[in-house]
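Structure, as structure tokens:
The values are calculated or read from the model by the stated rules, or taken from the named source; none is laboratory data. Computed from a predicted model, the values in this text were never measured in an experiment. Virtual Cβ from ideal backbone geometry, glycine too; neighbours counted across all protein chains shown.
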Amino acid sequence: MALHFCIMKFKYIIVSLLLLLTNYGRAQDGFSSVGGDISSSTGSEAFSVGLVVYTELCGSGGSACQGVEQAYEIFSVAIQEIPSDINCKVFPNPASDRLVVQLAELGDCNLYYRFYNTQGCLLVHGDLISPQTELNTADFPSGIYFLNVTQSNRIVQSFKIIKN
């Protein structure tokens, strides 16, 4: 009877350890798409992108959140355009190696364009001196860009361009 009790106790301990290791032995609850380590003279930090699960640790010296990930949010970019009689079209969108800016009437408008990336860096600019102007976009990587048609330092029209 004592031997049977010892075997049952041993099995109970083994099963408990296996359950404990399977629940707490994991480093993450999911797969992250990007991650890395940052270190400096004051400390180090590991990070990952793509997980939304976190744990908060509190102590007398402060608190820390482990595994906090910011959710990916999409916001509309709204640029208030000044009403204008200028009729401007940009095509093709999505673009691959070229982009055409077409004006219905050129007139005496003194228009120019500015082509920006999403960080706000000016990549290309120029005057719109003909009814149809072609921009070479072959050297730019795939992504989202903004084309502003400007008159006297005022944005007349703004276009969101997708580059394949």
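Annotations
- Of residues in region 112-144 being aromatic (F, W, Y) and under 14 Å from V156 (Cβ atoms), the one modelled with the highest pLDDT: Y113
- Residue count, region 100-111 (criterion: surrounded by fewer than 17 Cβ atoms within 10 Å (Cβ to Cβ) and modelled with pLDDT of 90 or more): 2
- Summed over region 133-154, the residues that are surrounded by fewer than 16 Cβ atoms within 10 Å (Cβ to Cβ), part of a strand (DSSP E or B) and among the hydrophobic types (A, V, I, L, M, F, W, C) give a count of 1.
- Residue list for region 127-145, filter: closer than 17 Å to F91 by Cα, of a type outside the set (D, E) and free of Cβ contacts under 8 Å to residues at least 40 places away in the same chain: L128, S130, P131, Q132, T133, L135, N136, F140, S142, G143, I144, Y145
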